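Take a look at the structure below.
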Amino acid sequence: MGLDIAFWILAVVGIATALMVVLLRNVFRAALSLVLCLLTVAGIYVTLSADFLAAVQVLIYVGGIAVLIILAIMLTREVQQGSPSNKLRVPAFIISILFLGVVGFALLNTPWQVSTALPLEPTTSALAVKLFGKGGFILAVEIAASLLLAAILGAIVLVREK
Amino acid sequence: MSIGLEHYLILSAILFSIGLYGVLAKRNAIVILMSIEIMLNAVNITMVAFSRYIVPSLLTGQVFAIFIMVVAAAEAAVGLAIIIAIYRSRETIESIKFDLMKW
């Protein structure tokens, strides 16, 4: 029961803050509501009993990406101009609503094979076995490491003063 | 009625649609990147919800969500670096004025 209430609160706050991100004209306020939206997604992970993912979400998104975005907004000094919509506003709205309708229709009409087993908790050690253990995702972990290295180097090269 | 798989899927579909609208309708390149982050988070919610309700003991969806987060972090870093580099040379971050590759 408590899980239900938590889900509804988190869902309403998350959708409201996501709408604020795309509708507010002040870019800085939009970034702040993005932070709140990412925090509610972390709460959604908690209701899905994904404790490790919730912690990672707070660390990477709220701690890292949000700070990066706010820094970029301050470096580009376009807060006063706001974030106006372009000419495609009405078609974009129609496309989004159509997409939501089609996906919602498909979701509600699919007979999902929902399992009744209880979720694993805590998930941290099971995730570590999955990532690094035998028959796990160790190759993908190595590729992710080199991708991050390439991204860091690329970002440094791009922003460096000539 | 208690919370089930469909609730999470509908929530993530709504978040994805909001992000899609932001990507299509906004002019500010940083707001477009923020909308892309919302879309990636919606996909992550879907992954974790499937992992929780379809195969609760396997955790494969959570592993996928971790990799999506890695790629999202790399994308945000490189995307914001590109935007700052364009702002240096063009003094604007309006996406309709990014026409360096147009001839």
Note on B:Ile10: of the conditions (1) farther than 27 Å from A:Ile97 by Cα; (2) surrounded by fewer than 18 Cβ atoms within 10 Å (Cβ to Cβ); (3) at the interface with chain A (Cβ under 7 Å from one of its Cβ atoms); (4) among the aliphatic types (A, V, I, L, M), unmet is (1)
Picked from region A:98-115 (must be β-branched (Val, Ile, Thr) and assigned to a helix (DSSP H, G or I)), the residue farthest from B:Gly4 (Cα to Cα) is A:Val102
Residue hits (region A:116-155; closer than 21 Å to B:Val55 by Cβ, at the interface with chain B (Cβ under 7 Å from one of its Cβ atoms) and in a helix (DSSP H, G or I)) are A:Ala126, A:Leu127, A:Lys130, A:Leu131, A:Ala140
If you go through B:Ile68, B:Ile86, the only one that is more than 7 Å from chain A (Cβ to nearest Cβ), closer than 16 Å to A:Val141 by Cα and of a type in the set (A, V, I, L, M) is B:Ile68
The residue that is nearest to the other protein chains (Cβ to nearest Cβ), considering only those in region A:1-59 that are touching a residue at least 60 places away in the same chain (Cβ under 8 Å) and either among the charged types (D, E, K, R) or closer than 20 Å to B:Ile36 by Cβ (or both), is A:Leu53
If we ask which residues in region B:53-73 are under 18 Å from A:Ser125 (Cβ atoms) and touching a residue at least 12 places away in the same chain (Cβ under 8 Å), their number turns out to be 3
A:Val27 fails exactly one of (1) in contact with a strand residue (DSSP E or B) (Cβ under 8 Å, 6 or more places away or on another chain); (2) loosely packed, with under 13 Cβ neighbours inside 10 Å, namely (2)
Checked against (1) more than 7 Å from chain A (Cβ to nearest Cβ); (2) surrounded by fewer than 24 Cβ atoms within 10 Å (Cβ to Cβ), B:Ser51 satisfies every condition except (2)
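Laboratory data are not the source of any read-out in this text; all were calculated from the coordinates shown. Please read these numbers as outputs of a predicted model, since none were measured by experiment. Positions of Cβ are backbone-derived with ideal geometry, glycine not excepted, and every protein chain shown enters the neighbour counts.
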